[in-house]
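The values are calculated or read from the model by the stated rules, or taken from the named source; none is laboratory data. Bear in mind the structure is a predicted one, so any value in this text is a computation, not a measurement. Every residue, glycine as well, gets a Cβ built from its backbone with ideal geometry; the counts of neighbours run over all protein chains shown. The protein model used for the area step is the full one, side chains on, heavy atoms only, and it has no ligands, DNA or RNA in it. Shrake-Rupley method; radii C 1.70, N 1.55, O 1.52, S 1.80 Å.
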Amino acid sequence: MAMMAALTQIPAVRDVALRRLVRRDAARHVAVWQKVVQATARADQATVLALLGTASWVSRDGAMQVVCLERAEQLAPRLSLLGLLDEINRRSCATYGLGRDARRDVRGGGGG
């Protein structure tokens, strides 16, 4: 699992993992990336969390997607894959009629 985490640091390898992600296999990808995250030192988890978040979105688990996005942003805020994951999240919120305030609440920025 540690080797998988290391390999995700290579953009071409990471992109292969993303291209292989399809809805019918998404739950399997989620299970694999969860194991990789668990086996990876926290400081090195950002890319793996982004892959887990993407697999979670494809498997229709938006809550897991947001958790992965937030954790990965804390570790590597400039990671390019996080921009894509955040855009997916924002567009999904817009699709369901959630405005900026609701998105902020979903992402943990709400007052309340």
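Can you put TRP33, TRP57 in order of accessible area, largest first, using a 1.4 Å probe?
TRP57, TRP33
Assign one of three labels to region 32-88, namely rounded, prolate or oblate, based on the Cα gyration tensor with a ≥ b ≥ c the square roots of its eigenvalues; rounded applies when a/c is under 1.5, prolate when it is not and a/b is larger than b/c, and oblate otherwise.
Since a/c reaches 1.5 but b/c is at least a/b, the shape of region 32-88 is classed as oblate.
Treat each spin label as a single point 7 Å out from the Cα along the C-beta direction, and report the LEU79 to ARG23 distance in nm.
It works out to 2.6 nm between the two label points.
I need the calculated FRET efficiency for the pair GLN38 and ARG91, taking r as the beta carbon distance and R₀ as 35 Å, to the nearest 0.05.
That pair, GLN38 with ARG91, gives E of 0.75.
Assign unit charges at the C-beta atoms only (+1 for Lys and Arg, -1 for Asp and Glu), then state the dipole size of region 1-84 relative to its Cα centre in Debye, rounded to the nearest 20.
With only Lys, Arg, Asp and Glu charged at Cβ, the dipole is about 240 debye.
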